[in-house]
Structures are given as structure tokens and as C-alpha cells.
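The next block holds one structure in the form of C-alpha cells; read it before the comments.
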Amino acid sequence: MPGPDDSKKESPKEIEGDVPETESSEDPKSRTPLGDPPVNQAEKSEKDRKLNKLFWLRVGLAVIAGTLATFIFEGIEGEERRWASIAFMIIIFFATIIIAKGMKMQLPSSDRKKIVTQGIGSYVFLYLFTWIVTYTLVHSGSATSGINL
């Protein structure tokens with residue numbers, strides 16, 4: 001019959017040695033995916049600088065395109081204006097993808113989708129926000145009800 005002190009007889013070295021042979025003790029974040037060469041610090045810095053530039057390009061274009069959409073689609077009425085503006089937003093976004101490919105970013109294959117996803121949420125929301133605000137400001141004087149500025 002085991003006594004109360006029998007469980008304490010195992011040494012800590014035996015407990016630490018229970019790691020299966022298939023696991024390694026190195027940090028999984030330090031590994032690179034198969035087929036990708038390790039990236040040095042200068043290349044990483046250049047990649048981050050270009051991705052940052054792409055983000056701010058999309059933010060700037062979202063504000064400009066949202067403002068332009070107010071004036072470009074002035075002659076279109078109703079539901080067609082909304083769909084035309086959304087199509088314009090998508091076309092401008094595809095233009096930023098083409099610009100990003102022209103920047104010749106050296107991205108590993110695991111990061112190729114960053115050309116599309118970098119700043120997409122900011123782009124969409126800033127475009128819509130700018131479009132709504134500029135449309136409201138331009139047409140606020142012609143409203144028959146509401147707050148007159």
C-alpha cells in the first residue's frame with residue numbers, strides 16, 4: 001500500500017524528461033515555412049516599409065475617392081447611385097492592388113495575401129464614411145427638414 005510520501009519520490013528531472021521525441025524545444029515562431037528562405041532584418045524592414053506605404057496609400061485614396069463619389073455620381077438618382085459608388089470603390093481598390101504589385105514587394109509565399117488584405121477594412125470604412133459625410137454636407141442646404149447650418 002503506497003504511503004502519503006510515495007508520490008514525492010519522483011525527481012524533477014524525470015518529470016521534465018517526459019517530453020515526447022517528436023516535439024522540439026525551439027520556439028515555433030522562429031521556424032520558417034518549408035520552401036521559404038529565412039528573411040534577414042533589412043529585407044523585413046523594407047517589406048514592412050512598403051506594406052506601410054500601401055496602407056497609407058489606400059487610406060488616402062479612400063478619402064479622395066469617397067469625396068469624388070459625391071460629385072461624380074450627382075446625376076444618377078436612387079439605388080443606381082449607391083451601386084455605382086460601390087462599384088467605383090471596388091475599381092479603385094483593384095487599382096491599389098495593381099500599384100502594390102508594381103512596388104515589387106519581396107513577400108514570402110505565406111504573406112502573398114497581404115497585398116490584398118493590407119488596410120482593406122480601413123479603406124472600405126473610410127471610403128463609405130467620407131462619401132456619406134461629403135454627400136450630407138453638400139446636400140444639407142437643400143433639405144426641407146432637419147438642422148440647417
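What are the pairs with Cβ atoms under 6 angstrom where one residue, in segment 105-118, is in contact (Cβ under 8 Å) with a residue 40 or more places away in the chain and the other, located anywhere, is aromatic (Phe, Trp, Tyr)? Sequence gap at least six, or different chains. These pairs meet every condition: Gln118/Phe55.
Residues of segment 64-110 that are under 22 Å from the mean Cα position of the chain (by Cα), surrounded by fewer than 17 Cβ atoms within 10 Å (Cβ to Cβ) and within 18 Å of Phe125 (Cα to Cα): Ile64, Ile86, Ala87, Ile90, Ile91, Phe94, Ala95, Ile97.
Scan segment 66-87 residue by residue and report those that are assigned to a helix (DSSP H, G or I) and among the hydrophobic types (A, V, I, L, M, F, W, C).
Hits for segment 66-87 are Leu68, Ala69, Phe71, Ile72, Trp83, Ala84, Ile86, Ala87.
Looking for something at pLDDT below 90 and under 22 Å from Gln118 (Cα atoms) - is there at least one such residue anywhere in segment 50-62? Taking every residue of segment 50-62 in turn, at least one turns out to be at pLDDT below 90 and under 22 Å from Gln118 (Cα atoms).
The values are calculated or read from the model by the stated rules, or taken from the named source; none is laboratory data. Everything numeric in this text was worked out from a predicted model, so none of it was measured. Counting neighbours? That spans all protein chains shown, and the Cβs are built from the backbone with ideal geometry, glycine included.
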